[in-house]
1. Of the conditions (1) at pLDDT 95 or above; (2) under 16 Å from PRO134 (Cβ atoms); (3) of a type in the set (Ser, Thr, Tyr), THR109 fails just one. Which one is it?
2. Could you count how many residues in the range 69-115 are in a loop (DSSP other than H, G, I, E, B) and among the basic types (Lys, Arg)?
3. Do we have PRO134 as surrounded by 12 or more Cβ atoms within 10 Å (Cβ to Cβ), closer than 17 Å to LYS86 by Cβ and modelled with pLDDT of 95 or more here?
4. For residues that are under 12 Å from the mean Cα position of the chain (by Cα) and under 21 Å from PRO154 (Cα atoms), tally how many sit in the range 66-76.
5. Please give the number of the condition GLY44 fails out of (1) at pLDDT below 95; (2) surrounded by 11 or more Cβ atoms within 10 Å (Cβ to Cβ); (3) within 28 Å of SER143 (Cβ to Cβ).
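The values are calculated or read from the model by the stated rules, or taken from the named source; none is laboratory data. Everything numeric in this text was worked out from a predicted model, so none of it was measured. Every residue, glycine among them, receives a Cβ derived from its backbone with ideal geometry; neighbour counts consider all protein chains shown.
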Amino acid sequence: MNKYCHDHNHSHDRTRREFFSRAGVGALLLTPLAGLLAACGKNGDWPDGMAAIHWDRDTCTGCGMVISDRRFAMEVRGGPNDAAFKFDDIGCFFVWRKQAVIENPWLATAAARLWVADASAASTAAPTARWLDPRAARYAEQSSPMGYNLAALPADQAGAAGIDFEEAARRVLARGMSGAHEMPAAHGMKEMQ
């Protein structure tokens with residue numbers, strides 16, 4: 001081996017060691033920052049257990065429309081695969097649940113986790129919404145994305161005209177699809193894997 005090759009290899013090894021040494025220090029300095037950023041973006045303002053709704057991208061399990069209006073969104077989660085189903089209108093949920101419960105009996109149990117947007121706290125442009133337990137919320141008449149015209153409110157804000165969850169479901173199902181959108185027959189019926 002000639003002197004030039006030996007010096008070149010030695011110089012190359014030293015440069016490589018310096019590079020990896022600097023890269024290691026940089027990675028150590030950036031690791032806590034990356035961890036903080038990942039934690040911040042992990043769940044944001046979502047309640048514990050709720051899957052994030054990606055506004056203007058996620059679609060309603062019931063009707064397939066994009067979920068945009070933060071005042072009326074709803075989510076149900078549970079079952080053996082901890083599946084999450086998202087809706088743009090609570091009426092879509094009630095209509096969908098009527099058929100989906102046949103293949104997903106967990107929907108009819110107390111173990112099903114439900115969230116509905118608080119219509120009094122959200123706006124169409126807010127980055128997120130405030131969430132209520134739909135079974136404890138009250139519902140008032142208000143124009144909604146799919147024409148079911150029910151807005152969830154905290155029980156103390158609904159007033160005398162507010163109805164409970166079961167009455168809201170009964171009214172939506174009694175009304176059927178008249179005045180509301182048409183849903184695909186089996187859209188979102190099987191539990192997501």
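1. (1)
2. Restricting attention to the range 69-115, the residues satisfying the condition of being in a loop (DSSP other than H, G, I, E, B) are 69-73, 79-82, 88-89, 104, 109-112.
If we keep only those that are among the basic types (Lys, Arg) as well, we get 70-71.
Total satisfying the criteria: 2.
3. Details: surrounded by 12 or more Cβ atoms within 10 Å (Cβ to Cβ): yes; closer than 17 Å to LYS86 by Cβ: yes; modelled with pLDDT of 95 or more: yes.
Considered against the rule, which asks whether it is surrounded by 12 or more Cβ atoms within 10 Å (Cβ to Cβ), closer than 17 Å to LYS86 by Cβ and modelled with pLDDT of 95 or more, PRO134 comes out as yes.
4. Total satisfying the criteria: 5.
5. If we test GLY44 against (1) at pLDDT below 95; (2) surrounded by 11 or more Cβ atoms within 10 Å (Cβ to Cβ); (3) within 28 Å of SER143 (Cβ to Cβ), just (2) comes out false.
This table checks each residue for (1) in contact with a Leu (Cβ under 8 Å, 6 or more places away or on another chain); (2) outside the structural domain of ARG71 (by TED's automatic domain parsing); (3) more than 16 Å from PHE93 (Cβ to Cβ).
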residue	(1), (2), (3)
ASN104	no, no, no
LEU107	no, no, no
ALA121	no, no, yes
ASP133	yes, no, no
ALA136	no, no, no
MET146	no, no, no
GLN157	no, no, yes
GLY162	yes, no, yes
